[in-house]
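Starting off with a structure, shown below.
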Amino acid sequence: MKIQEVIQHQGGDDRCHANEQEEDWNEAIEDDENLLDRGIRYDDESIPVYSYFNADEEFRKEHFELKVDHKFTSFYKFREALVEWEIREGYEHNYIKNEGSRITAKCAKGCTKVRDDPGYSIPGIVNETRRLFMLDISQKIAARTKQKALEALRGNDMEQYHRLWDYVATVKNSNPDSHISLQIDRRNVEERAIFQRIYYGLGALKNGFLKGYRPIIGLDGCFLKSPFGGQLLTALGRDANENMFPISFAVVEVENYDSWSWFLQELISQIGRGNKGVAYTFISDRQKGLVHAIEELFLESKHRFCLKHMFENFKQRFKNQDLRNMFWEVAAATSMPEHETAIANLARADP
């Protein structure tokens with residue numbers, strides 16, 4: 001998006017005109033008292049009337065506009081409003097002029113690139129800078145530029161961790177019956193708390209799972225690509241259309257027996273060890289510590305392993321396509337005799 005309009009600021013009680021040309025800017029500007037002395041009234045249609053920009057009121061809106069008839073009490077207030085608007089809308093600006101009574105700024109070229117494509121590559125930024133501005137920058141500078149742009153759009157990661165308690169309170173207030181557990185690491189009250197884990201289970205998801213879904217839960221974990229790392233643990237159900245239904249998730253420092261045991265205990269406190277007298281059946285990969293944690297906490301539950309993960313491990317060891325086809329024949333067996341026959345065929349093919 002290319003923005004050609006120029007946003008102007010007029011300080012004090014001076015009058016400004018959004019469409020005045022650059023050659024007129026150095027002309028003397030008369031204050032209100034001189035205008036009154038000359039008999040010019042505020043209701044004169046030839047004199048534009050400007051409104052003060054109310055930051056307290058405008059910043060509470062989801063979207064606010066900077067209009068050409070807005071008036072600001074100081075340069076600081078104008079810059080504050082401009083930066084706030086850019087962060088919300090994903091733009092950046094260049095200052096054209098900074099004079100004693102006005103500031104002129106306009107949108108920079110290509111300012112929507114990172115906003116529209118957060119995954120914009122570092123080499124792409126280098127090439128785009130060379131194409132638009134005929135400047136060569138290093139990839140290190142491009143990476144710092146992208147990081148600052150993402151922080152302007154999304155906020156600083158460290159600052160978001162400081163607001164976790166506020167986030168937890170907001171979720172519980174807006175979604176009753178939710179279960180959120182935040183665990184921090186701090187040796188004494190004088191030390192700054194360090195985030196360790198958070199369990200997140202919305203009340204609406206819990207109630208939906210308990211009321212209408214089969215007692216089958218899939219468990220899995222994956223790495224988080226963030227400045228602070230960590231891993232994401234998830235619990236998923238299956239609906240009548242065989243679609244995945246999220247139950248809860250957690251962010252933990254590492255995937256092991258301790259983190260899985262903690263996650264499952266939080267899950268028990270939310271949905272119990274079974275539903276309507278039927279124990280849950282779990283499906284998972286052989287994650288570190290998970291098998292032992294399920295055996296310890298869900299004594300009556302059955303635990304099966306995900307076929308997709310088993311097949312990925314199978315492919316790494318066996319490259320023959322015939323053996324891979326036999327693997328699926330074993331998995332598709334619907335009775336014990338059929339299963340045993342398929343296992344025997346697979347054993348004969350690769351003794």
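The values are calculated or read from the model by the stated rules, or taken from the named source; none is laboratory data. Remember, predicted model here, so these are calculated numbers, not experimental data. Please note: Cβ atoms are built from the backbone with ideal geometry, for glycine as well, and neighbour counts cover all protein chains shown.
Which residue is modelled with the highest pLDDT, if the candidates are limited to the range 49-92 and must be farther than 22 Å from residue 148 by Cα and of a type in the set (Ser, Thr, Tyr)?
Step by step, filter the range 49-92, then rank; the result is 74.
Which of the following residues is in contact with a strand residue (DSSP E or B) (Cβ under 6 Å, 6 or more places away or on another chain), in the same structural domain as residue 238 (by TED's automatic domain parsing) and either surrounded by 15 or more Cβ atoms within 10 Å (Cβ to Cβ) or of a type in the set (A, V, I, L, M) (or both): 283, 268? Working first, answer last.
On the way: 268 fails: in contact with a strand residue (DSSP E or B) (Cβ under 6 Å, 6 or more places away or on another chain).
Every option except 283 fails the conditions.
On to the next question. Are there any pairs with C-beta distances below 8 angstrom linking a residue in the range 120-133 that is in the same structural domain as residue 147 (by TED's automatic domain parsing) and surrounded by 14 or more Cβ atoms within 10 Å (Cβ to Cβ) to a residue that is assigned to a helix (DSSP H, G or I) and of a type in the set (A, V, I, L, M, F, W, C), with the two at least 6 apart or on different chains, and if so which?
120/114; 122/142; 122/143; 125/142; 126/142; 129/142
Would you be able to say whether some residue in the range 304-315 is more than 15 Å from residue 264 (Cβ to Cβ) and over 40 Å from the mean Cα position of the chain (by Cα)?
So the first thing to find is which residues in the range 304-315 are more than 15 Å from residue 264 (Cβ to Cβ), and the list is 304-315.
Narrowing further to those that are over 40 Å from the mean Cα position of the chain (by Cα): none.
No, that holds for no residue.
Still on this structure, I have one more. Which one of 321, 287 is more than 18 Å from residue 215 (Cβ to Cβ) and in contact (Cβ under 8 Å) with a residue 40 or more places away in the chain?
None of the others qualify; the one that does is 287.
Only one of (1) crowded, with 19+ Cβ neighbours inside 10 Å; (2) within 17 Å of the chain's Cα centre (by Cα); (3) over 18 Å from residue 184 (Cβ atoms) is not met by residue 250, so which one is it?
Here residue 250 clears every test but (3).
Which pairs do you get when a residue that is in the same structural domain as residue 320 (by TED's automatic domain parsing) and under 19 Å from residue 314 (Cα atoms), found in the range 331-346, comes within reach of a residue that is of a type in the set (Lys, Arg) and at pLDDT 85 or above, reach meaning Cβ atoms under 8 angstrom, with the pair 6+ apart or on two chains?
Here the result reads none, with nothing in the range 331-346 linked to a residue that is of a type in the set (Lys, Arg) and at pLDDT 85 or above.
If I ask for residues that are under 23 Å from residue 288 (Cα atoms) and touching a residue at least 40 places away in the same chain (Cβ under 8 Å), which ones from the range 202-234 would you list?
Taking the range 202-234 and keeping what is under 23 Å from residue 288 (Cα atoms), we get 216-226, 228-234.
Scanning the range 202-234 gives 216, 217, 218, 219, 220, 221, 226, 228.
Output the number of residues of the range 287-312 satisfying the condition of being surrounded by 12 or more Cβ atoms within 10 Å (Cβ to Cβ), farther than 20 Å from residue 238 by Cα and not aliphatic (A, V, I, L, M).
5
I've got another one for you. Before we move on, is residue 229 assigned by TED's automatic domain parsing to the domain that holds residue 166, out of contact with any Cys (no Cβ under 9 Å at 6 or more places or on another chain) and either assigned to a helix (DSSP H, G or I) or exposed (fewer than 14 other Cβ atoms within 10 Å of the Cβ) (or both)?
Numbers: assigned by TED's automatic domain parsing to the domain that holds residue 166: yes; out of contact with any Cys (no Cβ under 9 Å at 6 or more places or on another chain): yes; either assigned to a helix (DSSP H, G or I) or exposed (fewer than 14 other Cβ atoms within 10 Å of the Cβ) (or both): yes.
Yes.
Being out of contact with any strand residue (DSSP E or B) (no Cβ under 8 Å at 6 or more places or on another chain) and farther than 17 Å from residue 200 by Cβ is the filter; apply it to the range 253-265 and report the residue that is surrounded by the most Cβ atoms within 10 Å (Cβ to Cβ). Before you say what the answer is, go through the steps one by one.
Filtering the range 253-265 down to residues out of contact with any strand residue (DSSP E or B) (no Cβ under 8 Å at 6 or more places or on another chain) leaves 256-258, 261, 264-265.
Filter once more, keeping what is farther than 17 Å from residue 200 by Cβ: 256-258, 261.
On the way: 256: 15, 257: 15, 258: 14, 261: 17.
Taking the candidates together, the pick is 261.
Are any of the residues in the range 150-160 on the phi < 0 side of the Ramachandran plot and at pLDDT 85 or above?
Looking for residues that are on the phi < 0 side of the Ramachandran plot and at pLDDT 85 or above, one finds none in the range 150-160, hence no.
Yes or no: the range 271-289 includes at least one residue that is among the acidic types (Asp, Glu) and either at pLDDT 90 or above or on the phi > 0 side of the Ramachandran plot (or both).
No, because not a single residue in the range 271-289 is among the acidic types (Asp, Glu) and either at pLDDT 90 or above or on the phi > 0 side of the Ramachandran plot (or both).
Name every residue in the range 316-342 that is part of a helix (DSSP H, G or I), among the aliphatic types (A, V, I, L, M) and under 46 Å from the mean Cα position of the chain (by Cα), in order of residue number.
323, 326, 330, 331, 332
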